[in-house]
Amino acid sequence: MKNEVVITQNRTQHPTPVLPPTQAPLTSGLVWLMAITCGLVVANIYYNQPLLVEIGRTFQVSDSRVSWVATITQVGYTLGLLFAVPLGDKVERKGLILLLLLCAAACLAGAALAPSFVVLVAASLLIGIFSAVPQLLVPMAASLATDAERGKVVGKVMSGLLIGILLSRTLSGYVGAHFGWRTMFGGGALMMLMLVAILALRLPRNQPSFTGTYSSLMKSLLTLTRDLPTLRRSSLVGACMFGGLTVFWTTLVFFLEGEPYFYKSDVVGFFGVIGACGALAAPLAGKLADKRGSDYALSMGILLALGAYLLLGLTGVYLTGLILGVIILDVGQQVTHISNQSRIFSLIPEARSRLNTVYMTSSFIGGSLGSLAGGFAWAHWQWPGVCATGLLFVVAAFLINRFYGRTES
């Protein structure tokens, strides 16, 4: 690939790498602690989705307006990915992680006590920003692992993150139905404080691998994006696919609490368990990418998502069709996500943290747009509009993956 050669320091302005200090062996218990932490922290940005109807009732706002809580949380997480995660290459990671978790706990408590909708929206933005910890833990796990076990370790940590995304909806739906939505945010704050105490004792210190200024680190993100067409293509595909996913999950609560289902938030949250099947596809996606190539696996994931939205649009009013659609959509999302990461991590190994920052930031920009578009589609066209909007996001991913940047590679 002519534009994807190793880029010189003059062009990328990457900080000069330094050898890390000797690390203690990475134990299985520490790997699972990282995985559980990723799941619990990333859950912060998804608790609100099954609770949107109850939040709307509390503050007497419309469905389209209350969907801003989900959207602004995604925006906050995107800002955290863009501005906080690169600090993992600049400052000691353990201290940064503990600081972010303390801030997340304070903001979750603020959401639980929010006296007005505006305050809740502001707290949701900050919750998103300070919940970017998983994207610090994944490269930290990779740096602590040996070369022989790095892929396995990262896969385990990522599985915790994926399961946390999906099961958070189940937990919040149950808690919201039985104890109220404020209890869920308060419980989230307590979980963050518990994590701080545990990680302070168990998480090893992890010094940064690069010297240089924060400014030069941020500038290198732009240079990498400019010089690597595959990174741009993967980032755009990731944005469209995650946007298509959030179109569905942001509006599902409105669909299930109305005709023909009339379910409460605990049942709505149970759909997160169904969607967790997508997390089980992550190891299979990695094997498929290894065997047939990331492009092949990525194409299969996009086709699954296309099929899922067609199924949801045609049979979503039937429970069987809705459940099958949820499973296929989440499997398609995880296959494309793992395949995309496999593709970009092969570009410049020494810049994987920043490559992941570019990719994940783009994905969550797409997720924020998907939440916004989903709320708009539901307000104007109900379920058919939601399915059509989600399908458009996935079609855009297909076209970008098929045509964008191929002549530059």
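The values are calculated or read from the model by the stated rules, or taken from the named source; none is laboratory data. Every value quoted in this text rests on a predicted model; they were computed, and no experiment measured them. Here the Cβ is made from the backbone with ideal geometry for all residues, glycine too, and neighbour counts use every protein chain on show. The protein model used for the area step is the full one, side chains on, heavy atoms only, and it has no ligands, DNA or RNA in it. Shrake-Rupley method; radii C 1.70, N 1.55, O 1.52, S 1.80 Å.
Assorted remarks:
- Reducing region 225-266 and region 78-105 to their Cα centroids gives an inter-centroid distance of 25 Å.
- Dipole check for region 30-188: with +1 at the C-beta of Lys and Arg, -1 at the C-beta of Asp and Glu, and the Cα centre as origin, the magnitude is about 80 Debye.
- Gyration tensor (Cα) of the chain, equivalent ellipsoid semi-axes in angstrom: 33, 26, 19
- Accessible solvent surface per residue of region 110-217, calculated while the other protein chains remain in place, 1.4 angstrom probe, Å²: 40
- Taking the charge dipole of the chain about its Cα centre, with +1 at Lys and Arg Cβ atoms and -1 at Asp and Glu Cβ atoms, the residue from 157, 211, 43 reaching farthest to the positive side is 211.
- For region 171-266: rounded, prolate or oblate by the Cα gyration tensor [a/c cutoff 1.5]: oblate
- Listed residues 254, 240, 326: farthest to the positive end of the dipole of the chain (Cβ charges): 240
- Sites residue 303 and residue 27 - FRET efficiency at Förster radius 30 Å, r taken between beta-carbons, to 0.05: 0.15
- Estimated from helical segments only, the mean residue ellipticity of the chain at 222 nm is -26500 deg cm²/dmol, where each DSSP H run of four or more residues counts as -39500 (n - 2.57).
- Computed from point charges on the beta carbon alone (+1 for Lys and Arg, -1 for Asp and Glu), the dipole magnitude for the chain about its Cα centre is near 740 Debye.
- Relative contact order %, the chain, counting alpha carbon pairs below 8 Å whose residues are six or more apart: 26
- Computed over region 286-385: relative contact order in percent, which uses C-alpha pairs under 8 Å that are six or more apart: 27
- Loop sites here are trypsin sites (Lys or Arg not before Pro) outside DSSP states H, G, I, E and B with no more than 13 other Cβ atoms within 10 Å. The longest part of the chain free of them is 206-409.
- Residues in region 333-409 average 38 Å² of solvent-accessible surface per residue, probe 1.4 Å, ligands and nucleic acids excluded.
- Nearest-0.05 FRET efficiency for residue 190 and residue 395, computed from C-beta distance (R0 35 Å): 0.25
- Carbon and sulfur %, accessible surface of region 178-278 computed with the full protein complex present, 1.4 Å: 70
- For region 282-391, a simple Cβ point-charge model (Lys and Arg +1, Asp and Glu -1, everything else neutral) yields a dipole of about 200 debye relative to the Cα centre.
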